[in-house]
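Chemist: Take a look at this one; I'll ask things after.
Nothing in this text is a laboratory measurement; each read-out follows from the coordinates by a stated rule. Given the structure is predicted, the values throughout are model-derived calculations rather than measurements. Every residue, glycine as well, gets a Cβ built from its backbone with ideal geometry; the counts of neighbours run over all protein chains shown.
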């Protein structure tokens, strides 16, 4: 793994991520809505963690859209099933995701964990 302080295998990862989601999701959702996220959008959620934003995005983009949720450890994402949501185990430092051309790329609280965040940003772009 890319040197994360706490990964999703940690026994308290679900609780840690739930707290982050509780405090950060409202602002993230407001920002995404202000960008116009909606029906038909293609979205990438890098470092999806517990999947709250990926799940919300899948609701926003509807049946005509698509969301790809990536993480280096997808254990906490396995319970999420939506027809327009694809889960992918992927380390953003190893290269860009296999699909391209997204309307929105979301990541939150991962860059500060990475030894070379500039590489991750390059792959997201």
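Chemist: As a check on your grasp of the helix formula, calculate [θ] at 222 nm for the chain: sum -39500 (n - 2.57) over DSSP H runs of n ≥ 4, divide by the residue count, round to the nearest 500.
Modeler: It comes out at -10000 deg cm²/dmol, rounded to the nearest 500.
Chemist: Further question on the same structure: Could you tell me the relative contact order of the stretch 13-124? Use alpha-carbon pairs under 8 Å, at least six residues apart, and round to a whole percent.
Modeler: Here the relative contact order equals 25 percent.
Chemist: Based on DSSP, what percent of beta bridges with both residues in the chain are antiparallel, to the nearest 5?
Modeler: 0 percent
Chemist: By how many nm would the segment from residue 75 to residue 112 grow when fully extended, if each residue of separation counts as 0.36 nm and the alpha-carbon distance is taken off?
Modeler: So the extension gain works out to 11.2 nm.
Chemist: Here are a few candidate values for Rg/Rh (Cα atoms, Kirkwood Rh): (i) 1.36; (ii) 0.93; (iii) 1.10. Which one was actually calculated from the structure I just gave you?
Modeler: From the options (i) 1.36; (ii) 0.93; (iii) 1.10, the structure gives (ii).
Chemist: Within a 10 angstrom radius of the beta carbon, how do 45, 71 rank from fewest other beta carbons to most?
Modeler: The most exposed by this proxy come first: 71, 45.
Chemist: A further question on this structure: With 10 angstrom as the radius, rank 121, 57 by how many other C-beta atoms surround their C-beta, starting from the fewest.
Modeler: The order, fewest Cβ neighbours first, is 121, 57.
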